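Data block below; observations after.
The values are calculated or read from the model by the stated rules, or taken from the named source; none is laboratory data. Quick caveat: nothing in here was measured; it's all calculated off a predicted structure. Here the Cβ positions follow ideal geometry from the backbone for every residue, glycine too, while neighbour counts run over all protein chains shown.
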């Protein structure tokens, strides 16, 4: 069912749920920031919104559950019983009867690329395919319908869908698109394939050196470029496609579309994990327009070649931090992906192995951590291999021998592998584990029907022992690591309810015959909700403002159609967001007038 259709279904289902309207015959308007003697709320300021008769999961350890809440000036001013909430409603108060529905803190996606998610998934020609012939056929069709200009751009090839993707030849690409520049983006965008015309435009030849943090893939015999470019070798090309081709879309236009869409999923805060000047400017433009219904934290990338100059420049941006836009992170790629043979992996005994590949030398990583802390920034590190995780933990440990850092929110994201003895170091060093819980599903990162990523990995060069060690999310939790979660959309599913189900079941959401992939690595639903709310708020240095339903905190919350803590985890993907509120204002879901406010 399309997003729009789903929105109208929800609207119809809510005809009885929509408001009691303006409360009549209630007591004088007022709000309780704290109970007065005798337990009655203290009247301080007009209450704009009262929500009653619900199952409110507050994430507040002192009061995990409540029936009702009240909002004034964009903040919660009361959380407690229906009786006391009713006393707060005045002539101008909007009163919502939740009719037993669940109310949660707004969902926080602490690893996302929203503009790229919109651009790649909804505005480029999709060539996802499971054989080379299918991929070439879809590419030819994309070339036929490509917009006017000298570019053909397609998106969606991936090795889990088609293991023979490594056999793509530049000769075949030249035959399909001989007279225009061609780019095919891998689904995770860590690799792009180009034809000879594009290589020539980029001035890439046999003698062009690999850039820092990337690779120009070459023929093993001739050393000529094969047309595959990985990581930083393609960064400028990706920016060109998005901003200076017939496919171009402005960042502001992308965000105007994607922010309401994400609100419709219940998301009220996010970390944009690869920001640049255009992305920052677009968020600030939306903020000026009053259309940024999202709290956004920005992580700006640095490389081993530029971090000494980039970190001070990024730190200067913090002067513009606001309630809705913060710059607190530098993004570091410690290594690349295992599918591209770029993961920094330890040997079988935990010592540096033959597959070790890091984009930062250990000394450079230590210097980057030290410089980030000097400028009051935290590091946010893409870490796939266990060697990468260890390198970062060693660098943070070195920083801690010099000084404490109570404000630091250093974070390792992905953690596809981490050596068992290093897991406890996350708690010791207060390094956050930002996991993608949706990746516990067998087909989370692609593959045909019945595909299982662990089985595929076990059958490859890494072997079964490494495959079984992937995504040790439960082990991280059991060792006391701070957890936050994020989707890593554009690459994987942006729907938080699908991701939570996958993290709790290790099955493909909504597929009845899906077999659990890593059942001993799953987490309970409450832990996953906490990581998606209060844990993510801590990561984004916003735990005093968001992440739980508490008096004084900002009224960012979501109403869903079922209590996901009291249903089988296999049903969580059926969850529908009924309403989303940001700063106490409704930003998704039907209003009193009954419009469905579809995301797109």
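Of the residues making up the stretch 301-345, those that are within 19 Å of residue 213 (Cα to Cα) and more than 25 Å from the chain's Cα centre (by Cα) are 305, 306, 308, 309. The condition of being at pLDDT 95 or above, assigned to a helix (DSSP H, G or I) and in contact with a strand residue (DSSP E or B) (Cβ under 9 Å, 6 or more places away or on another chain) holds for only one of 173, 185, that being 173.
Is the stretch 280-294 home to any residue that is over 26 Å from residue 538 (Cβ atoms), buried (at least 16 other Cβ atoms within 10 Å of the Cβ) and in the same structural domain as residue 484 (by TED's automatic domain parsing)? Yes, there is a match, as at least one residue in the stretch 280-294 is over 26 Å from residue 538 (Cβ atoms), buried (at least 16 other Cβ atoms within 10 Å of the Cβ) and in the same structural domain as residue 484 (by TED's automatic domain parsing).
Of all residues in the stretch 414-426, at least one satisfies being in the same structural domain as residue 357 (by TED's automatic domain parsing) and part of a strand (DSSP E or B). Inside the stretch 453-469, residues that are in a loop (DSSP other than H, G, I, E, B) and either crowded, with 21+ Cβ neighbours inside 10 Å or not assigned by TED's automatic domain parsing to the domain that holds residue 510 (or both) make up a count of 0.
Within the stretch 123-140, is there a residue that is more than 28 Å from the chain's Cα centre (by Cα), more than 26 Å from residue 383 (Cβ to Cβ) and in a loop (DSSP other than H, G, I, E, B)? Yes, because at least one residue in the stretch 123-140 is more than 28 Å from the chain's Cα centre (by Cα), more than 26 Å from residue 383 (Cβ to Cβ) and in a loop (DSSP other than H, G, I, E, B). Residues that are within 20 Å of residue 313 (Cβ to Cβ), free of Cβ contacts under 8 Å to residues at least 60 places away in the same chain and buried (at least 19 other Cβ atoms within 10 Å of the Cβ) within the stretch 338-377 comprise 360, 365, 369, 373, listed in sequence order. Closer than 30 Å to residue 273 by Cβ, surrounded by fewer than 20 Cβ atoms within 10 Å (Cβ to Cβ) and within 28 Å of the chain's Cα centre (by Cα), is that true of residue 119? It is false that residue 119 is closer than 30 Å to residue 273 by Cβ, surrounded by fewer than 20 Cβ atoms within 10 Å (Cβ to Cβ) and within 28 Å of the chain's Cα centre (by Cα).
Which residues, taken from the stretch 280-295, are in contact with a strand residue (DSSP E or B) (Cβ under 7 Å, 6 or more places away or on another chain) and under 20 Å from residue 319 (Cα atoms)?
Hits for the stretch 280-295 are 280, 283, 284, 287, 294, 295.
Scanning the stretch 152-159 turns up no residue that is part of a helix (DSSP H, G or I), within 17 Å of residue 195 (Cβ to Cβ) and modelled with pLDDT of 95 or more. Quick check on residue 181: is it surrounded by fewer than 20 Cβ atoms within 10 Å (Cβ to Cβ) and touching a helix residue (DSSP H, G or I) at 6+ places or on another chain (Cβ under 9 Å)? Here the answer is no, as residue 181 does not meet what is asked. Only a single criterion out of (1) under 23 Å from the mean Cα position of the chain (by Cα); (2) on the phi > 0 side of the Ramachandran plot is not satisfied by residue 223, namely (1).
Among the residues of the stretch 200-236, the ones that are crowded, with 21+ Cβ neighbours inside 10 Å and assigned to a helix (DSSP H, G or I) come to 2 in all.
Check the stretch 557-576 and report whether any residue there is outside the structural domain of residue 298 (by TED's automatic domain parsing), under 24 Å from residue 121 (Cα atoms) and within 18 Å of the chain's Cα centre (by Cα). There is at least one residue in the stretch 557-576 that is outside the structural domain of residue 298 (by TED's automatic domain parsing), under 24 Å from residue 121 (Cα atoms) and within 18 Å of the chain's Cα centre (by Cα).
Restricting attention to the stretch 69-98, the residues that are touching a helix residue (DSSP H, G or I) at 6+ places or on another chain (Cβ under 7 Å) and over 25 Å from residue 538 (Cα atoms) total 0. Count of the stretch 60-83 residues, restricted to those that are surrounded by fewer than 21 Cβ atoms within 10 Å (Cβ to Cβ), in contact (Cβ under 8 Å) with a residue 12 or more places away in the chain and closer than 11 Å to residue 103 by Cβ, is 1.
Just wondering, is there one or more residues in the stretch 386-409 that are in a strand (DSSP E or B) and touching a strand residue (DSSP E or B) at 6+ places or on another chain (Cβ under 8 Å)? No, that holds for no residue. For residue 245, the conditions (1) surrounded by fewer than 22 Cβ atoms within 10 Å (Cβ to Cβ); (2) free of Cβ contacts under 8 Å to residues at least 40 places away in the same chain; (3) touching a strand residue (DSSP E or B) at 6+ places or on another chain (Cβ under 6 Å) are fulfilled apart from (2).
Answer yes or no: is there a residue in the stretch 421-429 that is at pLDDT 95 or above, within 26 Å of residue 501 (Cβ to Cβ) and in contact with a helix residue (DSSP H, G or I) (Cβ under 9 Å, 6 or more places away or on another chain).
yes
Tell me, yes or no, whether the stretch 38-50 has at least one residue that is under 37 Å from the mean Cα position of the chain (by Cα), part of a strand (DSSP E or B) and at pLDDT 95 or above. So far as the stretch 38-50 goes, yes, one or more of its residues are under 37 Å from the mean Cα position of the chain (by Cα), part of a strand (DSSP E or B) and at pLDDT 95 or above. Only residues that are under 15 Å from residue 120 (Cα atoms) and either touching a residue at least 40 places away in the same chain (Cβ under 8 Å) or assigned by TED's automatic domain parsing to the domain that holds residue 492 (or both) were counted across the stretch 140-186, and they come to 6.
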